[in-house]
Each structure stands twice: as structure tokens, then as C-alpha cells.
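Colleague: Once you've had a glance at the structure underneath, I'll fire off some questions.
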């Protein structure tokens, strides 16, 4: 299908392509989807290069959480290559001090050999309260974290702690953009999405109801619909 739209789907911290397991088959008729590997680098610049290496000259770009930070960096490095942008459950500014301290605390736990203890502590802020006992979902999140592994987790956290402030970039983005956020996202609350949508000319804010930080897994049908509309608009 040569006319399918090249689409990079960028996962977040401790996540891999399984984050998009519902979107990849649902959009395969209109999109040639590729998921970059964010386990080998320790900087946003490196992650952005990992995206640019696997994509053709022009492509659509979507990122969730850490993947959204990578999407910003791709826009900084090669804006001419991106045809449209979807920023999901992420923030433009750097971490506030308490969030940065929390990241460092998780890194210390991992360095002490307590990597398995990190993900259970993150679950309450990752998914809607009603899904805390959804064993299929929580098991999948644990499995992705295990696959990513301790060393890559440390590299990803280093990249997040050293990422640039993307607020100044908002006014420079001039491709069709949607900003998506789960209504009950406790990790990157809705006001961050509102800030991004207000700063990007012509962008559209979309709130996914009954979802925490991971709408692609929590409300897959709605996210499929949103991404399809974004790709074909």
C-alpha cells in the first residue's frame, strides 16, 4: 500500500510498541506505522535521532508522555520532515522540582537492585483508578517495564531529567496538531494539555473521558477514532 501515511508512534517511559497494540492494526489500512526504540540512548537528542533514522523523509508523528518529549525534540531537529503532530498526555515545560526529585528517587531504587519495585509505585498515576485491579492491563504494563529493563530505564530517566524546556517551541509549530489528554491523567494533568493547545496555533485539544495517563490502552477505540480523524483530515 504505497499511499499509506508514514506514522511514527513514540512510546513513553518503560513502555514499548505494545502501548500501541490496538492502534497499529486498527490504522494499518491508512498508516505505515513504525515504533522507534528508546532503550539505547540517554538523551532526547538521541531518541529523536532514533525516530528520524527509521522514518522516510516526510511522516506524521505521535508521542505519548516521554514520547511527546521526543516528538518535541524531533520538531526541534527536523521540523521540515513532520507533516502533522499528535501530542498525548505529556507536558512542554521541564519537570517541577518535586517531579524531578521523584525521578531521582526511582533511579536510586533501580540502582540498588529494586527495579521491580518501580512499576507498582507508578501504577496509581498511570491508569484510571477504576483500572487499578485490571490484571490484563497492569500485567501488560509490568511486562513492558520488564522488557525495557533497568539499564534502559535509567537512560530514559536521564534523558527526561536533562530535556530542554519546550514551551518556547510551541509558537514555532506550524503543522496540523492535536493535543490529547486523559481526563483523569494524574501524571500530566489536563492543564498541561491546555497550555500546549493554547500555545500551538491552530491546534485542537481533545480530552479522552474515563482515562488516566494511557488512553491508547485505556480507551483504545476512542484513540483509534481520534488518530484516524487526525491522519485523514
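Colleague: Add -39500 (n - 2.57) for each DSSP H run of 4 or more in the chain, then divide by its residues: what number comes out at 222 nm, to the nearest 500 deg cm²/dmol?
Modeller: Working: 9 runs with 105 residues, N = 233.
That comes out to -14000 deg cm²/dmol.
Colleague: For a quick check, take a GNM of the chain with Cα springs below 10 Å and name the residue from 176, 96, 220 with the largest mean-square fluctuation.
Modeller: Judging by the Gaussian network model, the answer is 96.
Colleague: A further question follows. Working out 0.36 nm times the residue gap between residue 232 and residue 151, then minus their Cα-Cα distance, what length gain in nm do you get to one decimal?
Modeller: Values: separation 81, 0.36 × 81 = 29.16 nm, distance 3.86 nm.
Fully extending the segment from residue 232 to residue 151 adds 25.3 nm.
Colleague: When the chain is modelled as a GNM with alpha-carbon springs shorter than 10 Å, which of 113, 68, 182 fluctuates the most?
Modeller: 113
Colleague: For segment 43-98, what's the radius of gyration and Dmax over Cα atoms, in angstrom?
Modeller: 11.3, 39
Colleague: Evaluate the relative contact order of segment 119-233 (contact order divided by residue number), counting alpha-carbon pairs under 8 angstrom at least 6 apart; express in whole percent. Show your work: numbers first, answer last.
Modeller: Working: 127 pairs, mean separation 33.1, N = 115.
RCO, segment 119-233: 29 percent.
Colleague: Turning to a different aspect of this structure: If you average the sequence gap of Cα pairs under 8 Å that are 6 or more apart and divide by the length of segment 1-132, what percent do you get for the contact order? Could you put the intermediate results ahead of the total?
Modeller: Details: 161 pairs, mean separation 29.1, N = 132.
About 22 percent, as a whole number.
Colleague: Quick one: Kirkwood hydrodynamic radius for segment 85-125, alpha-carbon pairs, angstrom, one decimal? Mind dumping the intermediate values first?
Modeller: Values: mean 1/r = 0.0843 Å⁻¹.
Result for segment 85-125 stands at 11.9 Å.
Colleague: Suppose the Debye formula is applied to equal point scatterers at every Cα of the chain; what is log10 I(q)/I(0) at q = 0.07, 0.08 Å⁻¹?
Modeller: Taken in order of the listed q values, log10 I(q)/I(0) reads -0.19, -0.25.
Colleague: Relative to the longest principal axis of the chain, what angle (0 to 90°, nearest 10) does the C-alpha long axis of helix 135-161 take?
Modeller: The angle comes out at about 90 degrees.
Colleague: Further, regarding this structure: Using alpha carbons only, how many degrees (0 to 90, rounded to 10) separate the axis of helix 220-232 from the longest principal axis of the chain?
Modeller: The angle comes out near 30 degrees.
Colleague: Angle, helix 44-54 long axis vs. longest principal axis of the chain, Cα atoms, 0 to 90°, nearest 10?
Modeller: The angle comes out near 50 degrees.
Colleague: GNM on the chain, C-alpha springs below 10 Å: top fluctuator among 180, 125, 70?
Modeller: Looking only at 180, 125, 70, the largest GNM fluctuation is found for 125.
Colleague: According to the Cα gyration tensor, what semi-axes, each the square root of 5 times an eigenvalue, does the equivalent ellipsoid of segment 105-222 have, listed from largest to smallest in whole Å? Please list the in-between numbers first.
Modeller: Working: eigenvalues 156, 83, 24 Å².
Semi-axes from the Cα gyration tensor: 28, 20, 11 Å.
Colleague: Here is a follow-up. So if R0 is 45 Å, what FRET efficiency would residue 99 and residue 29 give, r being the distance between their Cβ atoms, rounded to the nearest 0.05? Don't skip to the answer; put the middle values down first.
Modeller: Details: r = 39 Å, r/R0 = 0.87.
Computed FRET efficiency for residue 99 and residue 29: 0.70.
Colleague: Right, another one. In a solvent-free Debye calculation with one equal scatterer on each Cα, what is log10 I(q)/I(0) for segment 1-46 at q = 0.16 Å⁻¹, listed in the order of the q values?
Modeller: With one equal scatterer per Cα and no solvent, log10 I(q)/I(0) is -0.49.
Colleague: Separation between the residue 123 and residue 58 pseudo-spin-labels, each 7 Å from Cα along Cα→Cβ, expressed in nm?
Modeller: So the two model labels end up 4.6 nm from each other.
Colleague: Please list, short to long, the whole-number percent of alpha-carbon pairs of segment 61-162 in consecutive 10 angstrom bins beginning at zero.
Modeller: Per 10 Å bin, starting at 0, the Cα pair percentages come out as 13, 39, 36, 11, 1.
Colleague: Quick one: work out Rg over Rh on the C-alpha atoms of segment 1-115, Rh as Kirkwood radius. Working shown, then result.
Modeller: Working: Rg = 15.2 Å, Rh = 15.0 Å.
A ratio of 1.01.
Colleague: Can you tell me, using C-alpha contacts under 8 Å and at least 6 residues apart, the relative contact order of the chain as a whole percent?
Modeller: Relative contact order, the chain: 25 percent.
Every number in this text was worked out from the coordinates using simple rules, so none of it is lab data. This is a predicted model, so every value here is computed, not measured. Note: ideal-geometry Cβ built from the backbone for every residue, glycine included; neighbour counts use all protein chains shown.
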